[in-house]
Amino acid sequence: MLNGKRILLIISGGIAAYKTLELIRRLGERGVGVRTILTKSGAQFVTPLSVAALSGERAYQDLFSLTDESEMGHIRLSREADLVVVAPATANIMAKAAAGIADDLATTALLATDKPVLMAPAMNLQMWAHEATQRNATRLVDDGVLMVGPEAGDLACGEIGSGRMAEPATILARISELLAPAGTPLAGRRALITSGPTREPIDPVRYISNHSSGKQGHAVAGALAALGAAATLVTGPSAEADPAGVEVVRVETARQMLDACQAALPVDIAVCAAAVADWRIAAPASGKMKKDGAGPPELSFVENPDILATIAGLAEQRPALVVGFAAETENVVENALAKCRRKGCDWLVANDVSSQSGTFGGEHNTVHLIEGDASEAWPKLSKQAVAERLGRRIADHFAG
Ligand code: CTP
């Protein structure tokens, strides 16, 4: 859990600085206090105002500014953090840090800090491959600086190769790993959880949905976050509170849920607990449908995408562990085994949602955990306890 941790984020001048804004947002959502230093060239790419708006605190810029220094001296800035992150780290700031040069607020803070430093290099591929940069990177690593990326791919300069800043989600996972307290076996792992029902519109005021409360999915997201995973919860309409330390994305329809899930990839773990509507209205009316004497409307349906099967069937970016849930009213285990195979998931948590079970909206769940061909009956547990037990099983699987 990152909640309550503090990061000093140094933004130096690279086109990747726009991705750093996304990193600030994600850190904020996880309860991390982010203070920022924006270098002179960094401020050419993102404005102090946008950085301040996202971090909730002013962006510090100038070593010789009386206001900056009296408000927050560079020593305090660099010490009052649990971790210093440089993203993007340009060839220039890496060279200066490697040489111990301190000629602005950012490099002075880097020299003054007694905390771990994580750099996310970002530059043109030739600049990254250059002997000087490689020498500096090696020296920084020898000095104890931690690196995340760079990644290979399309670069902003139009060339293709290594030099692209690691994605915000990757940097975030690395940060979670570094700041992970003891007892967080999933630190550094990314998890995606779906939860709640979906709503499929009939017209602007009516929709088709189901009784899912989101309790189980939300509890799973909270349990995985408590074990250290960087968790993203994609949820349909639910009255459940946001679980602590989890990034929450709210959607309404199945198609929106799929889009949000795809945007959250890559992840190590996907747990699909949402009760996704299998069907949607083929052509929702754009205005409210009226009783015009012609009798009840004919609604025609089309099938929604199967989010679990889509994620489990990904050729690239398939999560290492894909867990489904199965809502069954009869032949629970038999149907669940078949469903697990059909949807291509690794595990399936099968629960009895027959009306006498009280599962939908209730506090308890009686489930079977299906792993391949094996099924294990769990006792009647609260949804919270099911989530915690599943979280531990997932952690054991990765410790494995
Ligand atoms: N699921 C999904 N997308 C869908 C339908 C289901 O991701 N469009 C996921 C659910 O989140 C759950 C699993 O698939 O993890 C099984 O859901 P369930 O409702 O039990 O299965 P269905 O596919 O609806 O199968 P059936 O109606 O035939 O029982």
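Here, each number is a calculation from the coordinates, and none is a lab measurement. Small disclaimer: the values here were computed from a predicted structure and weren't measured. Note that we place each Cβ from the backbone using ideal geometry, even for glycine, and neighbour counts take in every protein chain shown.
Listing for the model above:
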| quantity | calculated |
| --- | --- |
| Loop-located chymotrypsin sites (Phe, Trp or Tyr not before Pro) in the range 17-117, at most 16 other Cβ atoms within 10 Å (DSSP) | Phe64 |
| Among beta bridges that DSSP assigns inside the range 190-399, antiparallel share in %, nearest 5 | 40 |
| Leu49-Asp259 FRET efficiency (beta carbon distance; Förster radius 35 Å; 0.05 resolution) | 0.75 |
| Qualifying lysines (Cα of each under 25 Å from Cα of Lys19; at least 8 residues distant if same chain) | Lys5, Lys40, Lys96, Lys115 |
| Nonlocal amide H pairs with Ala231, under 5 Å, H built at 1.01 Å | Ala191, Glu247 |
| Whether the range 120-227 is rounded, prolate or oblate, judged on the alpha carbon gyration tensor where a/c under 1.5 counts as rounded | oblate |
| Ranked list, fewest to most other Cβ atoms within 10 Å of each Cβ, for Leu140, Leu49 | Leu49, Leu140 |
| By average C-beta atoms within 10 angstrom, highest first, the peptides 159-172, 387-400 | 159-172, 387-400 |
| Separation of alpha-carbon centers, the range 262-305 and the range 368-400, rounded to whole Å | 31 |
| Order of Ser238, Ser65 under a 10 Å beta carbon neighbour criterion, fewest first | Ser65, Ser238 |
| Between the range 196-258 and the range 10-35, the alpha-carbon center distance in angstrom | 25 |
| 3J(HN,Hα) from dihedral phi, the range 122-133, Karplus parametrisation 6.51/-1.76/1.60, rounded to Hz, x for glycine, proline | 8, 6, 4, 5, 5, 5, 5, 6, 4, 3, 4, 5 |
| Amide hydrogen neighbours beyond the local backbone of Leu9, cut-off 5 Å, H modeled | Arg35, Thr36, Ile37, Val85 |
| Rel. contact order, % - alpha carbon contacts under 8 angstrom, at least six apart, the chain | 12 |
| Listed residues Leu155, Val46, Ile175: farthest to the positive end of the dipole of the chain (Cβ charges) | Val46 |
| Taking Arg341, Arg189, Arg199, Arg318 and counting other C-beta atoms within 10 Å, the order from fewest to most | Arg341, Arg318, Arg199, Arg189 |
| Sequence ranges 103-110, 177-184, ranked by mean other-Cβ count within 10 angstrom, highest first | 103-110, 177-184 |
| Over the chain: helical MRE at 222 nm, DSSP H runs n ≥ 4 each giving -39500 (n - 2.57), nearest 500 | -10000 deg cm²/dmol |
